[in-house]
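Some notes on the structure that comes next.
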């Protein structure tokens with residue numbers, strides 16, 4: 001899981017990079033890992049707004065909350081389950 005909407009802002013300090021570039025939307029990405037840094041097939045992404053006055057810490061906290069939600073959904077998608085009687089493909 002990575003705290004940006006890959007392929008934007010790979011590597012360390014993704015939130016700092018987002019703030020420095022003045023983006024209005026950041027987020028998180030759950031992806032398969034390959035031999036490249038923050039690369040691999042994307043499983044799911046979620047957007048998080050960058051608010052006026054955000055700091056690296058405040059943006060990181062909002063992204064972390066979304067990562068927790070997204071991670072369980074991504075695992076379910078990968079193993080092919082969802083709600084009662086439903087299959088994620």
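Site pair residue 52 and residue 8 shows an inter-label distance of 2.0 nm when each label is modelled 7 Å from Cα along Cα→Cβ. In the set (i) 41; (ii) 58; (iii) 29, which value of percent of Cα pairs over 19 Å apart was calculated from the structure you see? It is the one labelled (i).
Readers should treat all values here as calculations from the given coordinates under stated rules, not as data from a laboratory. This one's a predicted model, so the numbers in the text were calculated from it and none came from an experiment. Glycine also receives a Cβ, built like all others from the backbone with ideal geometry; neighbour counts cover every protein chain displayed.
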